[in-house]
Amino acid sequence: MTRGTEIICGIDPGLRATGYGVLRVDRDADRIEVVEAGVLRPSATGTLALRLAELAAGLDELFNENDVDVVAVEQVYSHYQRPRTAILMAHARGVILLEAARHGIEVLNLPSTTVKRHLTGNGRASKEQMQRAVAAVLTMNAVPEPPDVADALAMALCGVAVLSQPARLAMVNDDLLLE
């Protein structure tokens, strides 16, 4: 990773709520600041196609307004208890990857357990633990709400760490997902 300033956007994919957190990383000053954080909420009653289009439009605006360099997004795993949730999350994640590619933005694919372990030391940390950890690392006065925002900021923070360690960067390369 070179010195200088970089904009990293962490995204917690979902069809009801997609959390995002945009960080400005100034490596020369060793400073990280929150530029913007929030939730994109596609229409709850629209068709799947409409909801995905609304998500794409929101991401397009987010990426354009913040001149994002890197997107850190959660990898999708299918869980036997909730296969439908994994499939719906995969639809949202696909739109995120598409919009990142359309904007020429580098993508980091991060397992949620890696993100949790990076911030809390526990790969199975609860939502509340993650919110407290993100607030502490970013010296926020309150925990980020809703938890989707905390998860997105955690993705971005983990992305910062991965980018600063080339050996870890190889572990989140797209090529590894194709095997």
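The values are calculated or read from the model by the stated rules, or taken from the named source; none is laboratory data. Quick caveat, the model's predicted, so the values are computed rather than measured. We place every Cβ from the backbone using ideal geometry, glycine too, and count neighbours over all the protein chains shown.
Among the numbered conditions (1) buried (at least 18 other Cβ atoms within 10 Å of the Cβ); (2) over 22 Å from ILE105 (Cα atoms), the only one that VAL68 does not meet is (2). MET130 passes every criterion in (1) closer than 15 Å to ALA156 by Cα; (2) exposed (fewer than 12 other Cβ atoms within 10 Å of the Cβ) apart from (2).
Filtered by the rule that a residue be within 18 Å of the chain's Cα centre (by Cα) and either modelled with pLDDT under 85 or surrounded by 18 or more Cβ atoms within 10 Å (Cβ to Cβ) (or both), the stretch 40-51 gives LEU40, PRO42. Test GLY10 against the criterion of being part of a strand (DSSP E or B) and touching a Phe, Trp or Tyr at 6+ places or on another chain (Cβ under 8 Å), and give yes or no. Considered against the rule, which asks whether it is part of a strand (DSSP E or B) and touching a Phe, Trp or Tyr at 6+ places or on another chain (Cβ under 8 Å), GLY10 comes out as yes. Counting just the residues of the stretch 71-127 that are crowded, with 19+ Cβ neighbours inside 10 Å and touching a Ser or Thr at 6+ places or on another chain (Cβ under 7 Å), which one comes out nearest to VAL149 (Cα to Cα)? If we take residues in the stretch 71-127 being crowded, with 19+ Cβ neighbours inside 10 Å and touching a Ser or Thr at 6+ places or on another chain (Cβ under 7 Å), then GLU74 is nearest to VAL149 (Cα to Cα).
Out of the residues in the stretch 18-68 that are outside any loop (DSSP other than H, G, I, E, B) and among the basic types (Lys, Arg), state the one that is farthest from ALA150 (Cα to Cα). If we take residues in the stretch 18-68 being outside any loop (DSSP other than H, G, I, E, B) and among the basic types (Lys, Arg), then ARG51 is farthest from ALA150 (Cα to Cα). So in the stretch 134-162, with the set limited to residues that are free of Cβ contacts under 8 Å to residues at least 40 places away in the same chain and not in a helix (DSSP H, G or I), which one is surrounded by the fewest Cβ atoms within 10 Å (Cβ to Cβ)? Among them, the one singled out is ASN141.
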